[in-house]
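Visitor: The following block contains the structure, expressed as structure tokens.
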């Protein structure tokens, strides 16, 4: 099957077949990451710009490693070193980047829609590495690769996603993708963090973590942004941990073989107890490992995927 | 100079007049409306057969950006856009640079409009000094200088005590307080309507309740003080109901709705379309239906454009940081006629909402074709089809979500004070 997308702006725009192809491609790349020489010449001569206008360590690193393992030339721009801080508009930044003829831009931006804005104006491929509270497609894809590894099929899985649903781009990307793959998605969080009409994206909404987690195959905890304290969304982190945090007692409500996921970075003792974070059901580091393979697959597929994996 | 407009359907809702007739203008005044007036009586004859002849349209809510922000619009281009849209009078908001909170700015606007503008300009002064929401402006002097109303449009008067005193104080001068009803604490960092579309796009929402609670507060303050309140750009189902109930109780309140709020929903924002970014934001289909019902049953007194020109550089950015507002003067008339075509309102009601309705709301001495009234007249071809092309707009700014939309109906001749200022 051919991959017909020039850009990866969100899982909203990917079909079930697209997702299947990305995950299958990622599977084949995962093996490269375990070799002693972790490099193939697939994207030799291609230039990838990682433009991260918002702080990120793991996603940027993951994309950079993915590009390098495919032999692409990767260049990083971060918010603090870009001209944006000098008042340059996103359009001017885009024009300047365009003038350097990159093949792919991977963009992380604090404003929802910024990758769409660039995709309309640039000739190269644009990969969304997280835009505002909108989408984070590569995260959802690596989540699904992890689920598939542990559960075989995504079809029919009960997936519980718990935390700050309103501000999470991970949630939206996962909702689009998981629904297309046949999962049954349940969301839980405090009422202040549940956005209007989210159930219309294909989810059952709960305000009680226990109801969401009951009999779940997958429990995905979201990071509570500590800086949101004081924005009237939460009275205290202590209360959040008590009523919405995942600990051993709550986890018992899920299926015995349920896996625990987290997009990271974790606030131990807030949304997840250390016992669970380090417990036998967590697959969090597996997610990170799969992230590189999924991003290699995305870079490969948007480049046309002409060359086979060597 | 005598102008004879022949054979048009003359609709003057201020006098419940609606019949095919000839209309004669002499020396800037309307002097006769009769079944037939001899062509020999005129220096210039306009054949209006098959067309509508209405009181000059009045827009009580525009931003002319002059003084201070002329790169977006100025009094010349703004009034040119107005007359191209069929408007003969506009009331302009005080959020200029400097703010129109003193007679010098008011007089500048009036003089500039008189000398170089194409239509009547009625400045609206600020409610508070610098529109800071703290100290009342010198409303008496603003009235003397020519302001018919006061408003801090663009932002609410958040302090209830200040709004109470503004409504009380305005009574001495018989001027209307125009309220931008918005509880900023509930708006937060919202950039579009709070609802499913915002959730899907990952944009922060502005809930309808942010508008309704402030509309309710101001209506109650008007009831308490006896001041005359006009609610600007009403956009919610709840807001329409609050005004409907207040009017039934006899509160001295009027309100306006914009063409974009009765035409578009928040679906228009999809694709992060900054031309659909405005304040109040485009709302839900239920809100649109409620506004249409309010226009039909008389709850809403006027259609006003909230014409808000912005330079392309202020719109061609990420959605969150784009400026709010659209240009509306040239699209208001056909969008209003769409309501007639849809059977929501009849033609005389549409004309009323664009002429005597707004005139009454802000007490503007216009909006009638009565004999001896100033000859502000608009001739409208209701069947003229055209497509909105950005470059063809007269406004200096081109920020409209209606680009490419097929419109039906347009002003073919706009007459201000007996002078033809626009014709197509």
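The values are calculated or read from the model by the stated rules, or taken from the named source; none is laboratory data. Quick caveat, the model's predicted, so the values are computed rather than measured. All Cβ positions, even for glycine, are placed from backbone atoms using ideal geometry, and neighbour counts span all protein chains on display.
Visitor: At least 2 residues that are within 14 Å of another protein chain (Cβ to nearest Cβ) in each: list the helices (runs of 4 or more DSSP H) lying fully within the range B:316-415 that qualify. So that I can check it myself, show each step before the final result.
Guide: Details: elements: B:332-341, B:347-354, B:356-361.
Because the criterion is at least 2 residues that are within 14 Å of another protein chain (Cβ to nearest Cβ), no helices (runs of 4 or more DSSP H) in the range B:316-415 meet it.
Visitor: Quick check, is residue A:40 over 20 Å from the mean Cα position of the chain (by Cα), more than 14 Å from chain B (Cβ to nearest Cβ) and closer than 18 Å to residue A:294 by Cβ?
Guide: Numbers: over 20 Å from the mean Cα position of the chain (by Cα): yes; more than 14 Å from chain B (Cβ to nearest Cβ): yes; closer than 18 Å to residue A:294 by Cβ: yes.
Answer is yes for this residue.
Visitor: Among (1) within 14 Å of another protein chain (Cβ to nearest Cβ); (2) over 28 Å from residue A:224 (Cβ atoms); (3) assigned to a helix (DSSP H, G or I), which single condition is residue A:67 missing?
Guide: If we test residue A:67 against (1) within 14 Å of another protein chain (Cβ to nearest Cβ); (2) over 28 Å from residue A:224 (Cβ atoms); (3) assigned to a helix (DSSP H, G or I), just (1) comes out false.
Visitor: Answer yes if at least one residue in the range B:293-313 is touching a residue at least 60 places away in the same chain (Cβ under 8 Å), over 12 Å from the mean Cα position of the chain (by Cα), within 14 Å of chain A (Cβ to nearest Cβ) and more than 22 Å from residue B:148 (Cα to Cα), and no otherwise.
Guide: Looking for residues that are touching a residue at least 60 places away in the same chain (Cβ under 8 Å), over 12 Å from the mean Cα position of the chain (by Cα), within 14 Å of chain A (Cβ to nearest Cβ) and more than 22 Å from residue B:148 (Cα to Cα), one finds at least one in the range B:293-313, hence yes.
Visitor: Scan the strands (runs of 3 or more DSSP E) fully inside the range A:197-310 and keep the ones with 3 or more residues being surrounded by 19 or more Cβ atoms within 10 Å (Cβ to Cβ).
Guide: Details: elements: A:204-206, A:218-221, A:259-261.
Strands (runs of 3 or more DSSP E) meeting the threshold: A:218-221, A:259-261.
Visitor: Related question: Among (1) on the phi > 0 side of the Ramachandran plot; (2) in contact with a helix residue (DSSP H, G or I) (Cβ under 7 Å, 6 or more places away or on another chain); (3) away from chain B (no Cβ under 11 Å), where does residue A:87 come up short?
Guide: Residue A:87 satisfies all of (1) on the phi > 0 side of the Ramachandran plot; (2) in contact with a helix residue (DSSP H, G or I) (Cβ under 7 Å, 6 or more places away or on another chain); (3) away from chain B (no Cβ under 11 Å) except (2).
Visitor: On to the next question. Would the range B:243-261 turn up any residue that is within 11 Å of another protein chain (Cβ to nearest Cβ) and free of Cβ contacts under 8 Å to residues at least 12 places away in the same chain? Before the answer, list the steps.
Guide: Narrowing the range B:243-261 to residues within 11 Å of another protein chain (Cβ to nearest Cβ): none.
Taking every residue of the range B:243-261 in turn, none turns out to be within 11 Å of another protein chain (Cβ to nearest Cβ) and free of Cβ contacts under 8 Å to residues at least 12 places away in the same chain.
Each row is one residue, and each column tells you yes or no for (1) in a strand (DSSP E or B); (2) within 25 Å of the chain's Cα centre (by Cα); (3) surrounded by fewer than 19 Cβ atoms within 10 Å (Cβ to Cβ); (4) modelled with pLDDT under 95.
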| site | (1), (2), (3), (4) |
| --- | --- |
| B:167 | no, yes, no, no |
| B:170 | no, yes, no, no |
| B:186 | no, no, yes, no |
| B:197 | no, no, no, no |
| B:219 | no, yes, no, no |
| B:230 | yes, yes, no, no |
| B:234 | no, yes, no, no |
| B:238 | no, yes, yes, no |
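Visitor: How many residues are within 14 Å of chain A (Cβ to nearest Cβ) and assigned to a loop (DSSP other than H, G, I, E, B) if we restrict to the range B:262-286?
Guide: Number of matching residues: 9.
Visitor: Here is a further query. Can you say whether residue A:156 is more than 14 Å from chain B (Cβ to nearest Cβ) and at positive phi, as far as the supplied structure shows? Give the steps one after another, and end with the answer.
Guide: On the way: more than 14 Å from chain B (Cβ to nearest Cβ): yes; at positive phi: yes.
The answer is yes for residue A:156.
Visitor: Further question: Here's a check for you: in the range A:135-153, which residue that is within 14 Å of chain B (Cβ to nearest Cβ) and touching a strand residue (DSSP E or B) at 6+ places or on another chain (Cβ under 8 Å) is surrounded by the most Cβ atoms within 10 Å (Cβ to Cβ)?
Guide: So the first thing to find is which residues in the range A:135-153 are within 14 Å of chain B (Cβ to nearest Cβ), and the list is A:135-137, A:139-140.
Checking the rest, the ones that are also touching a strand residue (DSSP E or B) at 6+ places or on another chain (Cβ under 8 Å) come to A:135-137, A:139.
Values: A:135: 34, A:136: 28, A:137: 31, A:139: 26.
Checked the range A:135-153; the qualifying residue surrounded by the most Cβ atoms within 10 Å (Cβ to Cβ) is A:135.
Visitor: Evaluate the range A:70-78: report whether one residue or more is within 12 Å of chain B (Cβ to nearest Cβ), in contact (Cβ under 8 Å) with a residue 12 or more places away in the chain and in contact with a helix residue (DSSP H, G or I) (Cβ under 6 Å, 6 or more places away or on another chain). Break it down stepwise before answering.
Guide: The first filter runs over the range A:70-78 and keeps only residues within 12 Å of chain B (Cβ to nearest Cβ), leaving none.
Looking for residues that are within 12 Å of chain B (Cβ to nearest Cβ), in contact (Cβ under 8 Å) with a residue 12 or more places away in the chain and in contact with a helix residue (DSSP H, G or I) (Cβ under 6 Å, 6 or more places away or on another chain), one finds none in the range A:70-78, hence no.
Visitor: When you look at residue A:123, is it at the interface with another protein chain (Cβ under 10 Å from one of its Cβ atoms) and more than 11 Å from the chain's Cα centre (by Cα), yes or no?
Guide: On the way: at the interface with another protein chain (Cβ under 10 Å from one of its Cβ atoms): no; more than 11 Å from the chain's Cα centre (by Cα): yes.
Criteria not met by residue A:123.
Visitor: Taking strands (runs of 3 or more DSSP E) that do not extend beyond the range B:20-100, which have at least 2 residues that are out of contact with any strand residue (DSSP E or B) (no Cβ under 6 Å at 6 or more places or on another chain)?
Guide: Values: elements: B:29-34, B:44-47, B:52-55, B:57-62, B:87-92.
Passing ranges, in order: B:29-34.
Visitor: Is there a residue being more than 28 Å from residue B:202 (Cα to Cα), touching a helix residue (DSSP H, G or I) at 6+ places or on another chain (Cβ under 9 Å) and either at pLDDT below 95 or crowded, with 18+ Cβ neighbours inside 10 Å (or both) anywhere in the range B:282-292?
Guide: Restricting attention to the range B:282-292, the residues satisfying the condition of being more than 28 Å from residue B:202 (Cα to Cα) are B:292.
In the following step, the residues that additionally are touching a helix residue (DSSP H, G or I) at 6+ places or on another chain (Cβ under 9 Å) were identified as B:292.
With either at pLDDT below 95 or crowded, with 18+ Cβ neighbours inside 10 Å (or both) added as a condition, the list becomes B:292.
The answer is yes; a qualifying residue exists.
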